[in-house]
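Encoded as structure tokens, the structure appears first; notes follow it.
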Amino acid sequence: MLRRIHAEITRRALGKVFSPRALEIIVASNIKQDALSGQLGHNEYHFDNNAFEKSKAYIEEQRALIFPALKHAEVESAWAAFGRLTHTAQDFYAHTNYIDLWLSCQESGMIPSPAELDPLDPDLIDSPALRSGKLYYPFEALTFIPALRKFVVPFLPRDSHAWMNLDSAERGPLFEYAYQAAVRRTRYEFDLIERGFSSNDLALFQDSLESHA
Ligand SMILES: [Zn+2]
């Protein structure tokens with residue numbers, strides 16, 4: 001997804017649960033994953049190139065950093081780890097065929113609205129039919145330049161990132177499903193942490209000690 005969309009999704013999902021200071025560090029760390037250093041050689045940050053196991057492991061690794069960071073009074077590191085994991089979780093919906101699979105499982109003739117989409121459908125989340133876009137470098141890199149995109153995309157295979165992504169509204173009506181799924185998944189990732197934390201640890205993580213005293 002475009003960086004501004006990652007930022008918007010993160011703020012929408014988490015704006016009410018973190019302090020503004022915490023939220024800005026989470027957002028900054030989330031969108032930093034799309035810097036060039038996070039794009040090359042890091043399929044696991046973005047669920048690219050069918051790196052399903054590595055991407056899931058990456059989410060787990062980042063989640064596992066949060067509690068120790070809080071215990072070492074490094075709350076900003078905890079927020080940064082959470083920001084990184086939300087980026088990967090959000091890209092799952094934009095870079096894989098999850099939305100397509102979910103829609104194709106609906107009763108024929110039924111087109112549920114994006115708000116009805118289950119971002120963690122147990123039959124689909126680990127489905128062997130899941131695929132994610134492959135990055136056919138160097139040509140794929142040219143698709144990141146808006147003026148060149150339309151000339152390059154027709155020459156790329158249908159399983160490329162360029163054809164499969166739901167990174168922005170330009171990609172058509174399925175984008176809204178990916179967007180809403182990413183908002184809900186981001187909130188789910190917070191809820192998962194919330195469930196495992198004491199109220200004191202949670203207040204520290206949310207940077208909201210007064211409201212949890
Ligand atoms: Zn990404």
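What follows is calculated from the coordinates using simple rules that are stated; it is not laboratory data. Just so we're clear, the structure is a prediction, and the values are computed from it rather than from any experiment. Cβ placement follows ideal geometry from the backbone for every residue including glycine, while neighbour counts extend to all protein chains displayed.
Annotation: amide H of Ser160 within the under-5 Å range of Lys134, sequence separation 5 or more or interchain, hydrogens built in the peptide plane. Within region 121-182, the chymotrypsin sites (Phe, Trp or Tyr not before Pro) that combine a DSSP coil assignment with at most 16 other C-beta atoms in a 10 angstrom radius are Phe144. A quarter of the convex hull surface defined by the alpha-carbon atoms of the chain gives 12.5 nm² as the mean projection. The simple spin-label model puts a point 7 Å past each Cα toward its Cβ; for Phe155 and Glu116 those points are separated by 4.3 nm. Taken about its Cα centre, region 3-212 carries a charge dipole of roughly 540 debye when the Cβ of each Lys and Arg holds +1 and the Cβ of each Asp and Glu holds -1.
Taking a sphere under 14 Å around the Cβ of His6 and counting the other residues whose Cβ falls inside, with K and R at +1 and D and E at -1, yields a net charge of +1. Distance distribution P(r), region 117-175, all Cα-Cα pairs, bin width 10 angstrom from 0: 21, 45, 24, 11 percent. Rounded to the nearest Hz, the phi-derived 3J(HN,Hα) couplings of region 98-104 under the Karplus curve 6.51 cos²θ - 1.76 cosθ + 1.60 (θ = phi - 60°) are 3, 5, 4, 5, 4, 5, 6, where x marks glycine and proline.
Work out, in µm²/s and without decimals, the Stokes-Einstein translational diffusion coefficient of region 24-63 at 25 °C, 0.890 mPa s, Rh from Kirkwood over C-alpha pairs.
On the way: Rh = 10.5 Å.
The calculation lands on 233 µm²/s.
Net charge within 15 Å of Lys150 by Cβ-Cβ distance, Lys/Arg positive one each and Asp/Glu negative one each, not counting Lys150 itself? Each step should come with its number before you reach the end.
Numbers: positive: Arg149, Arg171; negative: Glu140, Glu170.
Value of the local net charge: 0.
Placing unit charges on each Cβ (+1 for Lys and Arg, -1 for Asp and Glu) gives region 2-47 a dipole about its Cα centre, and among Pro20, Gln39, Ile9 the Cα reaching farthest toward its positive end belongs to Pro20.
Put the Cα centre of region 24-84 next to the Cα centre of region 148-167 and the gap is 26 Å.
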